[in-house]
Structures are given as C-alpha cells and as structure tokens.
1. Rounded to the nearest 0.05, what FRET efficiency do C:Tyr123 and C:Ser305 give with R0 = 56 Å and r taken as the Cβ-Cβ distance? Could you check?
2. Taking H as built 1.01 Å from N, whose amide H comes closer than 5 Å to the amide H of B:Leu54, not counting residues under 5 places away?
3. To make sure I understand, if each residue's beta carbon is the centre and we count other beta carbons within 10 Å, what order do B:Ser73, C:Ser32 fall in, fewest to most?
4. Hey, got the average number of other protein chain Cβ atoms within 10 angstrom for residues in B:102-108?
5. If you take the square roots of the eigenvalues of the alpha-carbon gyration tensor of segment B:52-246 and sort them as a ≥ b ≥ c, do you get rounded (a/c under 1.5), prolate (a/b over b/c) or oblate?
6. If the chain between C:Phe34 and C:Arg225 were fully stretched, how many nm would it gain, using 0.36 nm times the residue separation less the Cα-Cα distance?
7. Sorted by average packing, counted as other Cβ atoms within 10 angstrom per residue and highest first, what order do B:185-191, B:153-159 take?
8. Roughly what % antiparallel, to the nearest 5, for the DSSP beta bridges in the protein assembly as shown?
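Each reported figure results from applying straightforward, stated rules to the coordinates on display, with no laboratory input. What you see is a predicted model; the values in this text were computed from it and never measured. Backbone-built Cβ (ideal geometry, glycine too); neighbour counts: all protein chains shown.
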Amino acid sequence: MTLFIRLALLFAFSFGAGSLAAQERSSLLPDIPAASGEPHAEGNEYWRRNHMDLMKHDRDSTLRDGDREIAASLKGCFDCHAAKDDAGQVVTYESEQHFCRACHDYVAVKVDCFMCHRSTPDGVDEHALQAAILPKKPLDSTDVQGVIAYLNQTESKPTEAGE
Amino acid sequence: MKIPTLKGADISRRDFLRSGAAVATATLAPGVTLMAFGGSEAHAAADADKRWGLLIDANKCDADCDACVSACSKENGWAGEGNPETDPQWIRKITMQNTSTGREVTMPMMCQHCEEPPCVDVCPTGASFKRVDGIVLVDKHTCIGCRYCMMACPFDARSFVHEPVINQKSHAPRGQGTVESCTLCVHRIDKGGRPACVEACEATGHEAIIFGDLRDPESDISKRLAQYPSVALRPDLDLNPGVRYTNL
Amino acid sequence: MERTIYREIEATGRVWGLAVILVGFVLAALASFFYVEHYGHIVTGMTNRIVWGLPHVFAIFLIVAASGALNVASIASVFEQKAYRPKARLSALMAMSLLIGGLMILVLDLGRADRILIAATTYNFSSIFAWNLILYTGFLGIAGAYLFAQMSKSVPYAVTRKVGLLAFVWRLALTTGTGSIFGWLVARPGYDAAIMAPMFIAMSFAFGLAMFLLMTSTLCRLSDRPIGDQLMQRLGRLLAVFVAAVLYFTAARHLTNLYTMEHAGFERFTLVDGGIYTTLFWLGQILIGGLLPLAILLLPVFGKSPKAPLVASALVVIGGFAQIYVIVIGGQAYPMEVFPGYEVVTGSGMSGIAEYTPSLPELLLGLGGVAVTLLAVGVGTKTLRILPTNLSDANIG
C-alpha cells in the first residue's frame with residue numbers, strides 16, 4: 001500500500017509542475033506551480049525531501065558566518081519559484097497558489113518563514129498584493145466602526161485569495 | 001579607551017585559501033564537497049581579524065538632516081507609523097543640550113555593537129549574538145520575543161516588532177514578535193560595501209559617519225581614533241562599543 | 001487527639017460555581033493571548049521602552065509567591081515544627097500552582113509564544129533568564145516529588161525531610177534567580193543592585209505566606225472544615241516578621257541609592273515626583289503592604305480578632321502587587337543616563353519618563369494566570385488527599 005502511494009506520488013510529481021490544470025485534476029495530490037529557470041541538478045525529488053535541511057544549514061552560515069554565496073536561500077527559491085495567479089500576478093504566501101503552500105497546505109505543515117521573510121521576489125510590492133486580498137484591519141480595539149467593517153469584509157471575502 | 005589589538009599570526013584555513021587563490025566549492029553529493037582553486041571570487045564572510053566600527057563626528061552632524069535615518073529605513077525596509085515609542089528604531093537622530101553650559105549637540109544613535117554586549121549575555125536562547133567581526137545581530141530564527149535584551153541594552157538601541165510585517169527586503173528579514181536593531185548593514189559589509197547610513201551621510205557632504213576596521217591600524221577610522229579624542233557612550237560600563245563619537 | 005486525616009474536598013455547588021468563574025477568567029486570558037498574537041503587541045500598552053508590562057507584574061508576583069508558599073512545608077520538615085506538618089501537602093501544591101500560573105503568563109506574553117520549544121531546547125548559559133527556566137522546571141519537579149514523598153506511605157520520613165531540604169535550597173536559588181533578572185541589569189539605574197536577590201527572597205516569604213493564608217482559609221470555608229484561630233494567628237505573627245523583612249530590605253535599598261549622587265535622580269523619581277510610581281510606592285507598598293499589615297498583626301487592638309491575619313494577608317498581596325509594579329514598570333519608565341550631563345531635547349522615543357497605560361488584554365492575561373493558579377489548587381485538593389479534615393487548634397495543637 002505504502003509502495004503504491006509512493007509510486008503514485010512519483011508518478012504525479014514526474015509529470016512536472018502545473019501540467020494538470022486545476023479544474024480537471026485527476027488526483028488528490030497537490031498541484032505544484034510551474035517554475036522558471038534551470039531545473040535542479042540534484043533533481044526535484046532530492047530538493048523536495050531535503051530543502052529544509054539545506055536551507056537551515058545555509059541560513060545559519062549566512063547569518064552567523066556571513067557567507068552570502070549559498071545555494072539554498074528563500075531569495076534563491078523565489079528566483080524560479082515565484083508562483084503566479086490566474087491573472088499572471090505574483091502571489092504572496094497569503095494566497096493558496098503560493099509555491100510553498102502547494103505542498104505545505106497538502107501535508108498540513110505550517111511554514112514559519114514568512115513571519116519574517118518576504119514571500120515573493122525582491123521588487124514585488126507585497127503591500128499592494130495583500131491589500132487586494134486581505135481585509136483592512138481596524139485601527140484598534142476601540143475603533144468600533146473599524147472592527148465592524150473588518151468583520152464584514154472578512155465574511156464577504158472568499159478565503160481563496162488572489163482571485 | 002580599549003584599542004582592539006591585532007591578532008597574532010595565526011592564519012585560519014579560510015585565510016590560507018583566500019591568500020592563494022579564489023576558492024570555489026561545489027557539493028557533488030551529500031557529504032562530498034569539491035573544493036577548487038581559481039574560478040569565481042571567494043565567499044566574502046565574517047572575518048575574525050576584522051572589527052567593524054563607526055566613528056561619528058557630532059560637529060559635522062546637522063540637526064536638520066536625517067539622511068542617515070531615511071537611508072537606513074529604505075535600505076532595510078523598516079518604517080515608523082508615527083509613534084516613536086512603538087515604531088522600529090534601527091537608527092535615530094538625537095539632539096541634546098548640556099545641562100550646565102546649554103551647548104546643543106546632535107548625532108545619530110544606533111546599536112553600538114559592543115565588544116561585550118549585554119544583550120548577548122542575557123538572551124536566554126542565544127538569538128542575540130556577536131559575529132566574529134564584532135557585528136551584534138539578532139537571529140530571528142531563535143528569538144522568542146522575551147525582550148530581555150531590550151531591558152539589558154544601555155542604549156535603547158533595540159526595538160520590538162509590534163505589528164505584522166510584509167514586503168521586507170530579502171536581505172533584511174524582520175517579523176512580528178521578534179527584536180531587531182541596526183545590523184551595520186551586514187549584507188553590504190559581507191559583499192565589501194559600507195553601511196547605508198555612512199554612504200548617505202557622505203552624499204549630503206557632511207561626512208559625519210566614518211566606517212572601517214578598528215583592528216586595522218592603517219584604516220581611516222583607526223588613524224582618526226588614534227589622532228583625535230573620542231568617546232564611547234556609557235564608558236562606565238566598559239563594554240568597548242564599536243561605535244565611537246567625537247566632538248560630543 | 002485526633003490524627004491528621006487528609007481528604008479530597010467535595011464538589012459542592014459552591015465549588016463548581018467558583019470553578020466556572022475561574023474557567024471564565026482562563027478563557028478570557030486565552031482570548032487576549034490570541035488577540036495580541038494576531039495583531040501584535042501594538043494592541044497592548046507595552047512599548048519599546050516599557051518592554052515588560054502588567055502581565056509581567058502578575059507573573060513575577062505569582063512566581064515569587066510560589067517559592068514563598070513552599071515555606072510552610074519547609075518549616076514543617078526542614079525546621080521540624082510539627083504544628084506545620086498538616087499543612088505541608090497544601091503548601092507544596094500551592095507552590096506548584098502559583099508557579100504554573102506565573103509561567104503561563106510569561107509564556108503567553110512572549111512575542112513568539114509558538115517557539116516555546118526553542119526556549120526549552122536552546123540555552124545560553126550566560127543568561128540568568130535561561131538559568132531561571134531550569135530553576136522553574138526543576139522547582140516544579142522537586143515540589144512534585146516533595147508532595148509525592150509526603151503523601152506516599154512507602155516513603156520514609158527521613159527521605160521526605162531530605163527532599164524537603166532540597167526543595168528549600170532550590171526555592172532560595174529560584175528567588176535569587178528571579179531577583180537577579182533585575183539585579184543584574186547593570187545599565188538601568190532602577191535595577192543594578194545585588195540587594196535585589198535577598199529582597200526578592202524576603203518578598204517571596206511574605207507574598208507566599210499571605211497567598212497561603214488566603215487560599216487555605218478559603219478552601220477550609222468552601223469545604224466546611226474548621227481552621228483554628230490560634231493557628232491563623234501563629235501564621236499571622238510569622239507573616240509580620242516577613243513583612244518587616246521586606247520593609248527592611250526596601251529601606252536598605254533606597255538609603256543606599258540615596259547616598260550615591262548617581263542614583264539621586266532615580267530615588268527622586270520613586271520617592272518624590274514619580275506620579276503613579278511614587279503613589280504606588282508610598283501608599284501601595286509601604287502603607288497598605290507594610291505598615292498597615294504590621295499594625296493589624298502586632299497591635300493588641302486588632303491582634304485578638306480572628307480575621308486579622310486574613311485582612312493583613314489581603315493587604316500584603318495588594319501591597320506586593322504595588323511593589324512589583326514599581327520595580328518592574330517604574331524601573332523601565334525612568335530613562336537611562338546614556339549621556340551624563342546632557343538632557344535629550346529631541347530623540348524619537350528616548351527622552352523623558354516613558355509612559356505606560358496597561359491595556360485590557362494585559363490585565364485579562366494576568367488575571368488568567370491567577371485563575372490558573374486557583375484552579376490548579378482547586379483541582380489538586382479535589383482529586384488528591386491534600387487538605388486536612390480538621391485544622392482546629394484542638395486537633396493540631
């Protein structure tokens with residue numbers, strides 16, 4: 001059974017990102033957004049399995065030792081893996097179409113990176129992107145009108161961001 | 001004043017490699033690393049033989065100028081919302097008056113990059129740390145947001161991120177619930193550059209901030225420190241900060 | 001003379017009613033936590049200058065009281081006072097409960113409370129804060145073992161005594177650590193004093209005993225069990241000694257500061273023109289938390305009233321909160337002397353006395369910690385044989 005699932009995963013992944021359109025998906029496996037640029041020399045399977053270890057290693061050498069020429073950085077990821085929505089606009093982590101969320105939502109593993117790191121390539125204005133999909137937050141708890149407006153927006157906005 | 005001494009003639013492996021030729025490394029497979037001489041330039045990294053510092057000349061600093069603050073804000077992607085008590089303050093302009101003579105002095109204040117940083121001593125998780133080249137940083141991956149470092153800092157140099165943040169610069173991650181402060185533009189230094197505030201001050205023509213290696217007796221900053229009187233803030237605490245002031 | 005019999009308290013309507021109220025406070029604290037977690041600390045009164053606010057006042061009070069609450073047990077087994085022995089189990093339970101309540105507040109106020117595992121696994125041993133994490137968890141373990149040793153029939157009394165001695169030494173270390181969090185902050189004029197450690201120990205003796213008296217009498221009343229007037233008065237006299245000790249250390253600290261010109265500004269701030277902090281110091285700590293309880297406990301006019309120790313305990317608790325508020329918030333509000341001889345004219349967020357207005361989420365979080373403590377004591381005495389059936393003077397002599 002396990003072997004079957006693995007084979008199925010391998011099969012799905014080997015088809016490559018985005019070859020299955022969302023509306024006619026034939027499996028419950030995640031749709032991995034298409035990437036640009038050269039493929040990983042080590043293969044996608046290697047990176048899927050080891051990306052966290054690689055990034056964790058390189059983040060420490062960058063931060064602690066100042067090594068800026070590293071292989072695995074979030075900035076590096078987004079050079080190729082900046083997923084776009086249907087309108088061709090780069091999406092932030094708030095959107096379900098974000099590259100990281102494709103698999104992380106699927107396996108229900110929370111990504112902590114984007115509390116501090118930007119989730120798009122440099123130069124993209126995340127404020128503009130988020131403003132389009134996120135309800136405006138009230139100024140403070142005493143701002144009753146603001147809170148009501150916020151709650152209304154939260155209700156009317158679909159959770160599928162970036163559409 | 002404590003003058004940082006040059007370390008002995010112990011040459012690290014990294015220096016040895018660097019002195020010969022530029023080094024390129026490649027990972028062939030996990031655990032197998034190929035090191036090749038020649039090729040691309042060596043990785044610029046924190047160097048234990050250097051100690052980065054700033055020298056701020058209060059006489060050259062203009063009270064009406066905040067080029068250093070806005071340059072820092074732009075470079076590192078932080079901005080205030082008009083409340084100085086909760087806004088991020090990586091660098092700020094201070095104007096103060098001598099209580100007995102009435103003389104006014106103005107100058108920028110930022111993390112003083114102490115040699116013996118109290119924030120590093122008190123941090124329970126080791127998130128506050130000092131690089132080998134003397135730059136004091138917060139590792140936001142292990143910061144739990146307890147703010148004890150802010151209690152310990154003698155210079156009010158650190159701020160707590162009070163609100164959710166997006167659109168950070170990729171070289172300056174910052175996020176809600178963690179503590180942050182001046183990084184001395186470590187991302188620029190690692191590539192051989194200078195902090196944004198120093199360049200901005202120079203561009204205005206004031207040249208009130210000088211950046212350099214305190215361990216190198218031939219550097220501009222060391223020569224000036226050797227020649228003219230300068231002070232460290234809170235000298236009573238004996239923290240030997242990397243940021244020095246003259247004409248206070 | 002009847003032997004001491006320990007029995008679980010019965011779940012009467014009053015007990016349930018109290019439990020529901022306490023759970024309400026805990027839920028309110030959790031709601032505050034999620035609220036602050038979502039919007040960031042901007043919705044609290046805390047700032048870059050007052051980095052520790054009302055939650056920390058509650059947390060430090062509870063943690064300091066925790067080690068003090070253990071004293072009743074220590075007096076019984078370390079100092080061989082038999083009359084204290086029936087209350088020793090209760091004492092250990094209350095110590096653990098107070099610590100859990102305090103730690104909950106501290107953890108939930110962290111900027112990244114979700115990283116509690118990092119705090120528990122990554123240590124910087126030059127940080128007194130990291131040492132405190134070890135001291136706190138160790139205290140829970142040792143107090144738990146102490147409680148077990150007292151309750152188990154198979155543990156010989158000699159072993160219980162040894163565990164009790166360890167718990168006593170550990171609690172001294174714990175309070176020293178808590179005091180040193182402030183005492184070792186060399187840069188701030190309000191802290192930077194070795195006397196913080198012994199002063200915190202004296203505070204823990206007083207606050208812990210006061211909390212013990214209040215909680216014990218409440219439990220006895222809830223479960224309709226007698227508690228002797230003489231017993232209360234005996235503990236009351238002990239409380240008077242501890243309150244006097246707190247006043248002594250406070251006087252020593254401020255007199256020392258007054259003697260050094262360097263600290264004159266801070267002393268002026270605390271004692272004369274610090275506004276709320278001056279009021280809390282004189283009215284809260286000295287009068288309500290010090291002189292009044294001493295008068296009630298020692299003056300013969302009040303001394304005979306059976307209510308006197310309870311009233312005094314309540315006053316000590318109120319005064320204790322005021323004292324910790326002045327230490328924690330007042331110590332941060334007073335500006336650091338970065339430029340001696342200069343006055344900062346403009347300097348975004350660096351000049352003058354820092355302002356602080358506690359917010360509702362902070363208050364709810366703090367009260368939630370108190371509620372957790374009381375709930376833990378309630379659940380402990382409900383499920384375990386901890387509270388003696390009869391604490392009357394005739395029975396425990």
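1. Numbers: r = 50 Å, r/R0 = 0.90.
Once rounded, the FRET efficiency stands at 0.65.
2. B:Val243, B:Arg244
3. Values: B:Ser73 18, C:Ser32 25.
The most exposed by this proxy come first: B:Ser73, C:Ser32.
4. Values: counts 1, 1, 2, 3, 3, 2, 0.
For this peptide, the per-residue mean of nearby foreign Cβ atoms is 2.
5. Numbers: a/c = 1.40, a/b = 1.31, b/c = 1.07.
The shape class here is rounded.
6. Gain on extension, C:Phe34 to C:Arg225, equals 64.7 nm.
7. B:153-159, B:185-191
8. Details: 34 of 39 bridges.
If we restrict to bridges inside the protein assembly as shown, about 85 percent are antiparallel.
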